[in-house]
Structures are given as structure tokens and as C-alpha cells.
1. What's the ranking of 146-158, 36-48, 305-317 by average number of surrounding C-beta atoms within 10 Å, highest first?
2. Using Cα positions and a limit of under 18 Å, work out the aspartates and glutamates in reach of residue 287, with same-chain residues fewer than 8 apart set aside.
3. Please go through the residue pairs 102/183; 57/142; 193/228; 315/354; 29/124 and name each one whose alpha carbons sit more than 26 Å apart in this structure.
4. Could you tell me which residue out of 69, 59, 19 lies farthest along the dipole of the range 1-111 toward its positive end? Charges go on the beta carbon: Lys and Arg +1, Asp and Glu -1, centred on the Cα centre.
5. Choose one of 129, 83, 107: the residue whose Cα lies farthest towards the positive end of the charge dipole of the range 59-168 (beta-carbon charges +1 Lys, Arg; -1 Asp, Glu; about the Cα centre).
6. For the chain, give me the percentage of DSSP beta bridges that are antiparallel, rounded to the nearest 5 percent.
7. Provide the per-residue ³J(HN,Hα) series for the range 36-42, in order, calculated from phi with Karplus coefficients 6.51, -1.76, 1.60 and θ = phi - 60°, each as a whole number of Hz, with x at glycine and proline positions.
8. Could you tell me the center-to-center distance, by alpha carbons, between the range 67-127 and the range 370-408 in angstrom?
Amino acid sequence: MPSDKIIELLGTWEGCRVGTVQRFAAGQKGPTAQVWVDLIREPGPLVCSGCGRTCDKYHDWSDRWVRDLPLLDAETHLCVQLFRVRCPVCGPKVEHLPWLAKWSRVTRRFAESVARLCKVLPIKHVAEYYRLSWDTVKAIDKEWLTEHVTLPDLSNLAQLAMDEFAIKRGHRYATIFVEPQLKQVLWVCRGRKREDIRPFFKMLGKAGRERLEAVAMDMNPAYEEEVKAQCRNAKIVYDLFHVVAKFGREVIDKVRTAEAKKQTNRGERQLIKGSRWLLLRNARGLKRKDRVKLSERLSANRRLWTVYVLKDDLKSLWDYCYRGAAMKFWKSWYNRAIRSRIEPLKQFARRLHKKLDGILSHCRYPLHTSLLEGINNKIKVIKRMAYGFRDEDYFFLKIRNAFPGNTG
């Protein structure tokens, strides 16, 4: 088989055949070896890129240099004729070629290869690998993501989980919406206020908002108010992780600081001040020496011991599957908190009591945002790998592409 036929067979450039082929060694046309392929158009009807109609007439044509995947060890550059068709519907339009986007300077498979590498490597490394500029690689990846990361199917959405994550320093946040069963990121938007998240619920439509049964979230009042206003049938489900984290900030930290100030001995004061992570961490995850330290600190201070025990007991509330049993446990825990004479604990218990319906909703809808915490950790990896994103739309596309959901 002639060499040009072999290249044509490998290239699969539909509508074209291979003309001249030139190979240049490294250093002749650039640092690496290059192959230049001149593509000759096959006779036949032309297709309008606007409406897809076949056209027999054209206005003019021009040569376009296009980058393709490397041929063996050499960069591949194609010179292809592109016609501007005379479409009776759209008017003058550039013709459509299935292997080349309308205005692109790279083939579709080259763009797909760049996008696949950008999923696992920083843009800088992909640019060095293909000997492209950083801006070119970013533009290729964003264009590919815009074309392939389509709007999710929300027609059967019944349960939802939502959470916030930081996008930049200075308290700049975004909100992420996830389908908890499929583990699919449905939408990402900038901000965490009611007006920021409202467009997502508008996307659901009236029927979709009425169909929504439960929404898992933290205790962000803006989230709760907007969900109640938009989805009257949806139950709010508060997550264990955020409630316990709130307990740590509002109770344990305040009690620990107050008890440290009471100590006249500097050594004792430093021991209590330095015990924050021992008090906040799960006892099961502590090493033996840390358990000994924790036991010593708790035995020496009754108020710290009280809030620590009640923190662990509060976690048990999420183990109940029946609302009646969970309510009975809550009443017992609440009475102990109120009788503790520890003001931060009493205040926390009273505030949590107002949110009781959202806590007990987990009995019917066992949703949690631990999935979201895992997704947020992966988002941090995506952001760190790129050394941050200046283009938020591109960043959000990368997130949605990274979590397409379990389709199997």
C-alpha cells in the first residue's frame, strides 16, 4: 500500500484525500520533528455549518492550517481547503467538516485529547507536552467542556444536597448542587445568598420544585429560606457533620477558652488551651497516647468533660430510624444540656431545638453532606492543580465534568 494511502487511512479525514506529505527533522521547522500533510478535497456536495443543508454552490475557499494528533513521533500539521458555501437559508456560511469545528485550528480528536489530559494534568504541563501556549490549551479545553458538559436531566430529581465551598480568599464562596443517589454535580453557582441560588430552582420549573422531596444542607439560613419559599413540599435535612462542627465552635471552644482563663497556673492554662483538637476529634480516631492526654484533661475539668460527653451523645441522634425514638432521645439530651449550668451549651441547645424538624427529617430521608465534603476536597485538588482559576465559568465546567454521576 502506498505511504499516502496509509496516512489517509490513519487520518480518517472525511471528505479529503492526502496530497503531498513532507517530513521535517527536529530543528528544521521547530524543536521537534514535524509532518506537513496537504489535504485535497474530494468532489461532492458541501454541507452548511449553520443548518446542515447540502449546497452545490460556494462563494470562495481558503486554506487553513490545522493541528492534528502526532503521527508517530512527529507533530502533524494539515493544510485543508475550506469553502464558504452559498446556503439558500443561512446565506454565506463556512462549510461543515465532521472532524473539524467551525472556527477551530485543531481537529476534534486533538481537542478531545487535550481535554482528557487537562482532566488529570495542569494546563501548563499539557501545553508543554503539545508545544502549545497556555492560553491555547485553556481555550481548547473550555470549548470542549462547553460542548460536552451539557445541562443535567432534572425531570426526575426528588432529592438534593447543597453546600458551599471557597473559591478565593476573602470569603468568596460558591454553592454546589448534587444529586445524592447518582453523586452527580448538577449545578455550580457563585455566592451563597438567596438570590445566588435562586436560578437553580427556576431551572427546575414549577413541577420540578413541587416534586422535590428533601434537601440536605448545613444550617445556612439563606439556603433554608430559599428552599422553603421555592419548594413547599421539600423537607429540610440537616447534616450531622455541620451540627457537630457548630457544636465545636459555639460550645467546646467557648468553654475551653473560659476554663483556661480561670487557671492561675500557667502550665495548666496552656494544657487546656492546647487541647482543642483533642476535644474536637472523634475519640475512635485518637491514638493511645492521645487518649491518655484527653482522659487527663477531662478528669481535671468537669465542665470540659460535660460538653465533651454531650458532643459524643449528640452524634447518636443520627443513628435513629424512627422519629418517635429520635424525639425521645432528643428530649433526654436537651434536658441534660439545659441542666448543665454551662451557658454556651444551654444557648446551643435552645437554638438547635428550633431546628429540630430539620434534624429529625433524617429518619425518613437518610441524607447527609459527607458526599459533598468529599466532592469539596476534590474541588480543592482541581483548584490547587491549576494554581487557582481566574475564569469562574471554566472552573465550574471543570467541576461538573469531574462529577458526571454514576450512570451504571
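1. Details: 146-158: 12.8, 36-48: 15.8, 305-317: 17.4.
So the order, starting with the most tightly packed, is 305-317, 36-48, 146-158.
2. Of all the aspartates and glutamates, those that pass the test against residue 287 - Cα under 18 Å, at least 8 places apart if same chain - are 296, 312.
3. Numbers: 102/183 34 Å; 57/142 34 Å; 193/228 14 Å; 315/354 18 Å; 29/124 23 Å.
As for pairs spanning more than 26 Å Cα to Cα, those are 102/183; 57/142.
4. Toward the positive end, the furthest listed residue is 59.
5. 83
6. On the way: 40 of 53 bridges.
The antiparallel proportion sits near 75 percent.
7. Going residue by residue, I get 9, 10, 9, 9, 10, 5, 7 Hz, with x marking Gly and Pro.
8. 26
Bear in mind these aren't lab numbers, they're just calculated from the coordinates by the rules spelled out. Predicted, not measured: the structure shown is a model, and the values here were computed from it. All Cβ positions, glycine included, derive from the backbone under ideal geometry; neighbour counts span all protein chains shown.
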